[in-house]
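The structure under discussion appears below in the form of structure tokens.
The values are calculated or read from the model by the stated rules, or taken from the named source; none is laboratory data. As the structure is a computational prediction, the values presented were derived from the model and not from experiment. Cβ placement follows ideal geometry from the backbone for every residue including glycine, while neighbour counts extend to all protein chains displayed. With ligands, DNA and RNA removed, areas are computed over all heavy atoms of the protein, side chains included. Shrake-Rupley method; radii C 1.70, N 1.55, O 1.52, S 1.80 Å.
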Amino acid sequence: MIEKTGVAPSALVKKEFPEKIVLKKPKAVIECYKDIPCNPCETSCPFDAIKVPDDINHRPVIDFEKCTGCGICVYNCPGLAINVFQLKDDKVLMKIPYEFSPLPKIGKQVNVMNRAGEKVTEGVITKVQNTKKHNKTALIHIEIPSAFLYDAITIEVKPHEA
Amino acid sequence: MNEAPFVIIGAGPAGLSAAEILLKSGAHVVLIDRSDRLGGQLTKQTHMFFGSEKQHASKRGIDILKLMVDALSGYDNLTVHKETTVVGMYKDKTLACLKGETYFKVHAQAIIVATGASEKALPFENNDLPGVYAAGAVQTLMNVYGVKPGNKVLMVGSGNIGLIVSYQLMQAGIEVVKLVEAADSISGYLVHASKIRRYGVPIEMNKSVKRAIGKTAVEAVELWELDEHWQGIPGTEEMIECDTICLAVGLAPLTELMQQIGVEITFIGELGGNVPRINPRFETSVPGVYACGDVAGIEEASSAMIAGKIAATHALLNAGIEVDKAESSLASWRQELQGLRNGPHGEKVRKGLEKLGVLS
Ligand SMILES: Cc1cc2nc3c(=O)[nH]c(=O)nc-3n(C[C@H](O)[C@H](O)[C@H](O)COP(=O)(O)OP(=O)(O)OC[C@H]3O[C@@H](n4cnc5c(N)ncnc54)[C@H](O)[C@@H]3O)c2cc1C
Ligand code: SF4
Ligand code: SF4
């Protein structure tokens, strides 16, 4: 199905997540479902948590024990295929890559979208990181209700407003 | 010793990386490009590149370009002709060039053809209406000249170009109403498809343009579903309002110049159509004439960069010029190239190269 729509079905998505208990700490979740010749995720991670084993065409594999959730791979992945998730009380804290201007402001309430581009809930922007090293892919921190852990993937961008 | 320069036609990633190798050896290099800036396709790639670090993955195309151009600075054995089109090629390796209104000739001892590719068109009713663009032209308007091509775009083609240009249109604040693809699955990388999908662009398979509608410019488009032979199915028509139809339906190598001097050209669909018959040294059937990058088969900037280095090294060796560590460099470049082509997305290229008889 994903080959026809670009939307990963939820069974596929859930397989990429660690168990919820692991998400007490922030962890990167990689959604790179097909073999492509690519490896910046591996080479950018300072903690050696991602491996593209044997062949640059293989899918990346993450070691959740090594991953600190720092988010460096998130803004280095050209596929924008990595996000960081953390469960905290009844919230999910997400770090997502964002390449639209203007950047959202801290404290702003935003529409949160699923993988098919539909609004699933609302969230609050808690931090915006966009220094030189981010090289124009900002790292946006959002807080959303924990029920949407497996649905939320990005925030809404409205055409003509950008 | 032959004092004539090595001439490179085309300053995209293939031509630029070939230039660096040639310059390092001390050879006199003439680099010619018809555009007003060096870099070929890279001049409009504002997105992060995939690939491996060795080919600058994760950097943006425009930044990679800067690195490659900087690598050529400080060489006094380099002559660059921008805004210069090579219009003719003769068997004695003389090139006829046109710069503005002025013609001049360059005689070369070896020629590296790195002219890239041109975009394919799509036949449909009214495809000459203003508002129907090739994806590359849209990219140039937006990313090089900062001009919006329109406000509501229908994208045709789900290869990486269609997917990436859709994303760049959205970044420019333009609405992409839909992306349609004639085949039954997305042909580019899924990560690029998912990226535009999550921002709300519907991606639909087995669909294409039946006709464009509008008096003086595109006002709407009529789509229809295709059967397994890519024939439109009457009764499935659907009308969509848009002011731009963007075609990303493939590239065809620019081999015309080589045809003028009788380089053997062969049709290999997997490589984009008519391609020169090259050997593993990237030399064509005319000795001393090399072809690398998209002109030798549509691939990627990453592979074009490696191909440029291999072609340039062989051009030097053939001319009797010594190249430091030639053997080991060639071996590792070949390995990198093979590595890039190993996956499922490299299958088409592998098949094409096999037909060409140069799969290493
Ligand atoms: C939207 C898009 C996204 C892409 N994304 C990626 C990516 O993420 N990673 C990746 O590796 N690749 C990517 N590519 C592919 C990559 O850009 C091309 O494969 C690469 O640029 C080919 O390099 P080249 O040097 O062969 O040709 P080109 O870059 O096309 O350069 C050819 C040059 O030759 C010049 N020329 C042609 N004819 C003449 C003539 N007669 N006289 C003088 N000059 C001439 C042209 O002006 C041009 O500058 C992308 C391409 C597009 C369109
Ligand atoms: S979030 Fe940080 S530690 Fe975890 S995989 Fe990415 S770069 Fe490595
Ligand atoms: S960098 Fe991103 S797109 Fe490339 S292999 Fe890693 S996860 Fe996939």
Residue among B:E336, B:E299 that alone is under 18 Å from the mean Cα position of the chain (by Cα), within 14 Å of chain A (Cβ to nearest Cβ) and either within 16 Å of ligand 1 (Cβ to nearest atom) or open to solvent by less than 40 Å² (accessible area, probe 1.4 Å) (or both): B:E299
Index of the failed condition, B:G131 passing every other in (1) away from chain A (no Cβ under 14 Å); (2) small (G, A, S); (3) closer than 16 Å to B:Q45 by Cβ: (3)
Residue list for the range B:90-120, filter: over 11 Å from B:D33 (Cα atoms), open to solvent by less than 50 Å² (accessible area, probe 1.4 Å) and more than 21 Å from the chain's Cα centre (by Cα): B:K93, B:T94, B:L95, B:A96, B:V106, B:A108, B:Q109, B:A110
Segments classed as strands (runs of 3 or more DSSP E), wholly inside the range B:164-235, with at least 3 members that are among the small types (G, A, S), farther than 17 Å from A:Y98 by Cα and open to solvent by 10 Å² or more (accessible area, probe 1.4 Å): none
Residue that is within 15 Å of ligand 3 (Cβ to nearest atom) and among the charged types (D, E, K, R), where the choices are A:D48, A:D90: A:D48
Yes/no for A:V124 being β-branched (V, I, T), free of Cβ contacts under 8 Å to residues at least 24 places away in the same chain and within 14 Å of another protein chain (Cβ to nearest Cβ): no
Sole exception among (1) of a type in the set (S, T, N, Q); (2) within 9 Å of ligand 1 (Cβ to nearest atom); (3) farther than 23 Å from B:Q259 by Cα for B:S35, by number: (3)
Residues being away from chain B (no Cβ under 14 Å) and part of a strand (DSSP E or B) - total across the range A:102-121: 2
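Looking at A:N57, is it within 22 Å of A:K127 (Cβ to Cβ), touching a Pro at 6+ places or on another chain (Cβ under 9 Å) and within 16 Å of ligand 1 (Cβ to nearest atom)?
Spelling it out, it is not the case that A:N57 is within 22 Å of A:K127 (Cβ to Cβ), touching a Pro at 6+ places or on another chain (Cβ under 9 Å) and within 16 Å of ligand 1 (Cβ to nearest atom).
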Filter result (β-branched (V, I, T) and more than 10 Å from chain A (Cβ to nearest Cβ)) within the range B:46-88: B:I62, B:I64, B:V69, B:T79, B:V80, B:T84, B:T85, B:V86, B:V87
Yes/no for B:V286 being in contact (Cβ under 8 Å) with a residue 24 or more places away in the chain, in contact with a helix residue (DSSP H, G or I) (Cβ under 9 Å, 6 or more places away or on another chain) and surrounded by fewer than 20 Cβ atoms within 10 Å (Cβ to Cβ): yes
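If the requirement is being assigned to a helix (DSSP H, G or I) and within 16 Å of ligand 3 (Cβ to nearest atom), which of these qualifies: B:S332, B:S328, B:S302?
B:S302
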Among (1) more than 9 Å from ligand 1 (Cβ to nearest atom); (2) surrounded by 23 or more Cβ atoms within 10 Å (Cβ to Cβ) - the single one B:G51 does not satisfy: (1)
Check on A:V112, within 10 Å of ligand 2 (Cβ to nearest atom) and within 18 Å of A:I155 (Cβ to Cβ): no
Residue in the range B:129-140 that is under 14 Å from B:I245 (Cα atoms), assigned to a loop (DSSP other than H, G, I, E, B), assigned by TED's automatic domain parsing to the domain that holds B:G173 and not hydrophobic (A, V, I, L, M, F, W, C) present: yes
Members of the range B:70-89 that are within 13 Å of B:L38 (Cα to Cα), among the aliphatic types (A, V, I, L, M) and within 12 Å of ligand 1 (Cβ to nearest atom): B:V80
Condition broken by B:A220, with the remaining ones in (1) at pLDDT below 95; (2) in contact with a Cys (Cβ under 7 Å, 6 or more places away or on another chain) satisfied: (1)
Qualifying positions in the range B:262-283 - of a type in the set (S, T, N, Q) and either open to solvent by 60 Å² or more (accessible area, probe 1.4 Å) or without any contact (Cβ under 8 Å) to a residue 60 or more places away in the chain (or both): B:N274
